[in-house]
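Read through the structure below, which is laid out as structure tokens, and then see the notes.
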Amino acid sequence: MNDLSGKIAPGPFHHVGTRPVRPDGVEKVTGKAVFGPDFSVAGMLYGAILRSPHAHARIRGIDTRKAAALPGVKAVVTGADFPDLESLTVSAGESSGDIIHISRTCMAHEKVLYDGHAVAAVAATSARIAQEALALIAVDYEVLPHVLDPEAAMRDDAPLLHDGIFTKGIEPAPERPSNVPMKVALARGDAAAALAGAAAVAAGRYTTEFVHQGYIEPHVCVASWNADGQAQIWASSQGHFSIRALTASVLGMAQADIRVHPLEIGGGFGGKTGIYLEPVAMLLSRKAGRPVRLAMSRGEVFRATGPAPGAVIELRIGAAADGTLVGAEIDFIYNAGAYPGNTAHSGLICALGHYRLANARITGWEVLTNRPAVKAYRAPGAPQVNFAVESALDDLATQLGIDPIALRLKNAVIPGDAQPTGVPFGQIGYVECLEAARAHPHWSAPLGPNQGRGLAGGLWRSHGGPSTGEVGLAEDGTGLVAAGSPDIGGSRASMAIMAAETLGVPYEQVRVTIADTHSIGYSMVTGGSRTTFATGKAVIEAAEQVIATLRQRAAAMWNVAADTVEWRDGTAIRADGERLSIGQIAAKAAFSGGPIAASVGLNAAGYLPGFAVHICDVEVDPETGHVGVLRYTAVQDVGRAIHPAYVEGQLQGGAAQGIGWALNEAYAYDAQGRMENAGFLDYRMPVASDLPMIDTVMVEVPNPAHPYGVKGVGEAPIVPPLAAVANAVRAATGKRLPDLPLTPDRVHAAVHG
Amino acid sequence: MNKLVIAATVNGDPVEFLTDPGGSLLDALREELLLTGTKEGCGSGDCGACTVILDGEMVCSCLVFAAEAQGRQIATIEGVAEGGRLHPIQRKFLDHAALQCGFCTPGFIVAARSLLDRNPDPSESEVRYWLAGNLCRCTGYDKIVRAVLDAAAELRQERRVEGELAA
């Protein structure tokens, strides 16, 4: 870590910390920006997917002859068109998965595993003909018993989804397949003994439901696969390199033959880090010999893309009389849907990662059920277990008569404390967040009848990872930045700010492009709260290399040694004060050694977890059980905010999603295992009239491993809201409601029960 | 199935387009007229991304048959700016960083303009209820509401200045 410290720029800054208009802003407020569904090419066909009405069934046969014969139908695809694959674990966005499972998520083969599972696809000359063709496809299903509940799925007599999944992480390795792909565990000290000796113990069983990321733009892509084997895909995603790699693996293609063009993305929150449509559109395009657009309806998005896992969490946390946490035991089950989702590990790391605790045992299970396979959703795996832990801490504070912030401060991790992985924490700011929350007027504001205040803290581990950044100069000195990270919420602005700051030029003198997979080196997905940190580092380093070149060129033009030339405010300065601006040097670049550009590929190390503390006031209507959010404050250590308005926006958006998770959102299924609320009317996300203003406090404890001190900010804000809301409801009602969402019927029953 | 020929006025300009009898106004705008600023988020009138103004009334264009547009006036996001000059609501969305991904933004701007055309001085609560038919998953609505309130204040100021000049 030593080589990463001490490089942080001290400021003052010209651009870092300012709030300029984002470079892509006007296109997005005038309707000109081209999002996934807005793209089309000449000669394009319209695809559509037939989906399973059954939660679990064997496919005995698919008869597509009538559909193929319908005038206007140009191609039909089923699972039989997909190549057979060897099992292989591949990186899939923020987590990993088996390539066979990724392929089967795009198109079922032998079995369908959930309502909405794709079984066949067509491409036709119009969307209407494509829909008519779907109705002509006959699928012969043998309906099998299904299981939706994770605890039921763990039983020996449960319907088995996969014949080849054996629980990893238990000794000896099981000989029978099961619905349990993974056990994860972490233990230190003697938790049972510590709990036995604790002055107070908070215990509980908590549950959360399947919830969806709820991005407003449905999934869509256009694919064009040519006779020479080369293909292009246009899609909005959190990672076009991920689309290229996964599509190539599923179809057995070379990456050379797939060029993916990133379109503007209408929200993702983790849900657009993988693939669903792309291989299907590719196969349709190859058969038809024409480009194919394949788009999901909202119902398809709910039924067939990856929500966040539902959870069952049982825990006991004990404290000494002074509030010092002494021991904890946590057992949790994450319901991953049809295929392994690998989110249990995050639950393990984030459960107690924000507290010093000598004795802890945490065991997590991932369980498969007949629901769509889960996918990353903002801090994947962290909010569920945090909900239980932060609820229990609130109960401990009540039992011991200690202020909730004082209890947390007493146990909060500080720099140098061991992380759950054993590695010491770097420059983290949880204590600073708790102190800022305590100092905020919200914490001490008076409350009325039926009102309550809740608080919760939490962390997200964040990520660094591989990114490429390029900076080139136009002939007039314009800084042209290229990045491989899709801009999902203002990252062009933060890249432009960091590049302008480094080069010493005006913000408007830098322009940022999101380059396609054949135009820039690899970049991992926009996810894991990594882009401003990791891609930002690549862009800054490229800008620094450009400065080094500019100094050499200026020195050559002056015929002096390069180390006598200083770079300040976008200008080369000779020892005697003579100056050459970036524009003057760029104009002569062709004659001083050629165009000036630099490309940096790096694996960004030194990322630090983000810590957040949220305060929530609610009012509970005792007659209806309705919970209204009156006031909300989100405090977070953001390292340093490059564009504070977009950082605030991350805190506010994460809080709103967390409030929806706590109060309204849940997948509902009927007895046949069909999703009952696959639309925005019945899957109720917060609207403007459900929420108050969301106040933000950006605590800045800079990260020494980033030139401007950046920490990831996007995901931590969805971690505390579940418990912050639940703790507020407890304060308002005196009742601990352990099952999310806190719907009016549940709250009413608790209040009157 | 024969297509229908529909003649309407979109953003002040006369247009003609073809539609299936069951086709939506949203599909006609996007697929026939290539006005892709109006978005589809749900197709069931629940998200407001497809909001347009039809003869002065705010509607979800996914719930309107394209054939219903015959002879009527439609205003979309593409007509909100006047030439190269952004509408104050658009400028305030940028100033307040009231968009993250930007996908819901056209619907919000069209809806907000419809509000301010009717009510030049809305309260925060009135803004929140007027915009309750528009879903945003990125922002938590805070900056959107502030942008609309700030745009309303600027428009009131503009009207006062215009009134004083006229007097």
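Of the options B:120, B:93, B:153, report the single residue whose Cα projects farthest towards the positive end of the charge dipole of segment B:88-166 (beta-carbon charges: Lys, Arg +1; Asp, Glu -1).
Checking the options against the dipole of segment B:88-166, the answer is B:93.
Excluding residues fewer than 8 places away in the same chain, name every one of the lysines whose C-alpha is closer than 18 Å to that of residue A:32.
B:39, B:92
For the pair residue A:475 and residue A:599, how long in nm is the line joining their label points, each one 7 Å along Cα→Cβ?
Here the modelled spin labels are 2.3 nm apart.
For the protein assembly as shown, what does the helix formula give at 222 nm: sum of -39500 (n - 2.57) over DSSP H segments with n ≥ 4, over the residue count, nearest 500 deg cm²/dmol? If you can, show how the numbers build up before the last one.
On the way: 25 runs with 257 residues, N = 920.
That calculation yields -8500 deg cm²/dmol at 222 nm.
On the principal axes of its Cα set, how long, how wide and how thick is chain B? Give whole Å, largest value first.
55, 41, 26
Please list the non-local residues whose amide H lies under 5 Å from the amide H of residue A:696, H modeled 1.01 Å from N, same-chain partners needing a gap of 5 or more.
HN-HN under 5 Å from residue A:696: A:634.
Over the alpha-carbon set of segment A:274-333, divide Rg by the Kirkwood Rh and report the Rg/Rh ratio to two decimals.
1.46
Restricting attention to segment A:136-204, which GluC sites (Glu not before Pro) occupy a DSSP loop and are surrounded by at most 15 other Cβ atoms within 10 Å?
A:175
Give me A:614, A:117, A:101, A:109 ranked fewest to most by other Cβ atoms within 10 Å of their Cβ, as a rough exposure proxy.
Ordered by Cβ neighbours within 10 Å, fewest first: A:109, A:101, A:117, A:614.
Kindly provide the GluC sites (Glu not before Pro) of segment A:554-658 that DSSP labels as loop, not H, G, I, E or B, and whose Cβ sees at most 16 other Cβ atoms within 10 Å.
Answer in residue order: A:578, A:623.
Report the charge-dipole magnitude of chain A in Debye, nearest 20, computed about the Cα centre from +1 at each Lys and Arg Cβ and -1 at each Asp and Glu Cβ.
Working: 59 positive and 72 negative charges, 178 e Å.
Its charge dipole is roughly 860 debye.
Cα to Cα, under 26 Å, and not fewer than 8 places away if on the same chain: which lysines meet these conditions relative to residue A:711?
Cα-Cα hits under 26 Å: A:7, A:272, A:375, A:410, A:537, B:143.
Can you list residues from other chains, or at least 5 along the same chain, whose modelled amide H is less than 5 Å from the amide H of residue A:141?
A:60
What do you get for Rg/Rh of segment B:88-166 when both radii come from the Cα atoms and Rh is the Kirkwood radius?
Numbers: Rg = 12.5 Å, Rh = 12.6 Å.
Reported Rg/Rh, Kirkwood definition of Rh: 0.99.
Using the crude model of +1 on Lys and Arg Cβ and -1 on Asp and Glu Cβ, and no other charge, please compute the dipole size for segment B:88-166 relative to its Cα centre, in debye to 20.
It comes to approximately 260 debye.
How far, in degrees from 0 to 90, does helix B:142-166 lean away from the longest principal axis of the Cα atoms of chain B, to the nearest 10?
On a 0 to 90 degree scale, this one is about 80.
Taking the Cα centre of the protein assembly as shown as the origin and placing charges on Cβ (Lys, Arg +1; Asp, Glu -1), which of A:47, A:203, B:139 is farthest toward the positive end of the dipole?
Highest projection toward the positive end goes to A:47.
For segment A:458-582, what is the charge dipole size about the Cα centre, in debye to the nearest 20, if Lys and Arg each add +1 at the Cβ and Asp and Glu each add -1 at the Cβ?
360
Where a ≥ b ≥ c are the square roots of the eigenvalues of the C-alpha gyration tensor, would you call the protein assembly as shown rounded, which needs a/c under 1.5, or, failing that, prolate if a/b is larger than b/c, or oblate? Please report the intermediate quantities before stating the final value.
Numbers: a/c = 1.24, a/b = 1.03, b/c = 1.20.
Because its axes are fairly even, with a/c under 1.5, the protein assembly as shown counts as rounded.
When we measure straight from the Cα of residue A:735, which aspartates and glutamates land under 19 angstrom away, once same-chain ones fewer than 8 places off are left out?
Straight-line reach from residue A:735, under 19 Å: A:314, A:390, A:394, A:395, A:403, A:617, A:619, A:621, A:623, A:745.
Among A:350, B:42, B:136, what is the fewest-to-most ranking by other Cβ atoms within 10 Å?
Ascending Cβ contact count within 10 Å gives the list B:42, A:350, B:136.
Every number here is computed from the coordinates shown, using simple stated rules; none is lab data. Just so you know, these numbers come straight off a predicted model, no measurement behind them. Ideal geometry is used to build each Cβ from the backbone, glycine not excepted, and the neighbour counts take in all protein chains shown.
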